[in-house]
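What follows is a single structure, written as structure tokens, with notes after it.
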Amino acid sequence: RTAAGVLYWVYANLQSEDLYFTKSTNNGITWPPRTLIYTGTVNVISVWYDRWTTAGSGDVIHIAWVESGTDDVHYVSLTTTNDALGTDTVVFAGASTSTTGAQSLSITKAIGGNLYIAFDIDGGTETGFYRSTDAGGTWGARTDVNEATSDYYHLVPGFAVDTQDIMCIYWDRSASEISRKVYSDAGNSWAES
């Protein structure tokens, strides 16, 4: 739900596996025809809305997805004030993906404005943690949050003095343990508790 009360739904179509969005201006009673975001084989999606970040402003929905046809991680922005889509950007060009559920993907926006994406696209073979300091235009690899095959996680903004720091709620499946990891942007490092 945007600040104006508009509901947005970002999803992959079950039959075509293309990525779409639609919106409702009447609390979900009606949904107009969908708008195509991406044509491909989308099987994992993660979104973050600017105002979900503490003290956040702006009206952009940040969308990340895994394309299993090209084995890549993508990013695009959706500006809700005019429904304008940004440029589709490949965050990570992979070599393989899993379609059996052994994947994890999360995107967030720090209080200071940096965007972060963490992913495991093929059961531990290709994992990564990437940062954008220019609103998703370019992405660079950072110290990976992943520990082992098939772990799951959710990135969220941090609350440290450095407003570019974030946190990760991490489910270590092999240890049957959920922990909090804190990412230091300045130090490019993770600390777990």
(Q) For the condition outside any loop (DSSP other than H, G, I, E, B) and without any contact (Cβ under 8 Å) to a residue 24 or more places away in the chain, what is the one hit in Ala191, Ala118, Ala175? (A) Ala191
(Q) Take the residues in region 152-169 that are modelled with pLDDT of 95 or more and under 22 Å from Ile121 (Cα atoms); name whichever of them is surrounded by the most Cβ atoms within 10 Å (Cβ to Cβ). (A) Ile166
Q.
Exactly one condition in (1) open to solvent by less than 20 Å² (accessible area, probe 1.4 Å); (2) modelled with pLDDT under 95; (3) not aromatic (Phe, Trp, Tyr) is false for Ser176; which is it?
A. (1)
Q. Of everything in region 68-85 that's of a type outside the set (A, V, I, L, M, F, W, C) and under 14 Å from Ile37 (Cβ atoms), which residue is surrounded by the fewest Cβ atoms within 10 Å (Cβ to Cβ)?
A. Asp83
Q.
I need the full set of residues from region 157-179 which are under 20 Å from Val47 (Cα atoms) and among the charged types (D, E, K, R), in order please.
A. Asp165
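Could you check region 121-147 and list, in sequence order, the residues that are among the polar types (S, T, N, Q) and in contact (Cβ under 8 Å) with a residue 24 or more places away in the chain?
Narrowing region 121-147 to residues among the polar types (S, T, N, Q): 125, 127, 132-133, 138, 143, 146.
Of everything in region 121-147, those that are among the polar types (S, T, N, Q) and in contact (Cβ under 8 Å) with a residue 24 or more places away in the chain turn out to be Thr125, Ser132, Thr138, Thr143, Asn146.
Counting only residues that are charged (D, E, K, R) and over 15 Å from the mean Cα position of the chain (by Cα), which one in region 106-143 is surrounded by the fewest Cβ atoms within 10 Å (Cβ to Cβ)? Quick ask: steps written out before the conclusion?
Step one: of region 106-143, the residues charged (D, E, K, R) are 109, 120, 122, 126, 131, 134, 142.
Filter again for over 15 Å from the mean Cα position of the chain (by Cα), leaving 122, 126, 134, 142.
Values: Asp122: 21, Glu126: 19, Asp134: 10, Arg142: 19.
The residue in question is Asp134.
The values are calculated or read from the model by the stated rules, or taken from the named source; none is laboratory data. Everything quoted here is computed from the prediction, not taken from an experiment. Every residue, glycine among them, receives a Cβ derived from its backbone with ideal geometry; neighbour counts consider all protein chains shown. The accessibility values were calculated without ligands, DNA or RNA, using every heavy atom of the protein model including side chains. Shrake-Rupley method; radii C 1.70, N 1.55, O 1.52, S 1.80 Å.
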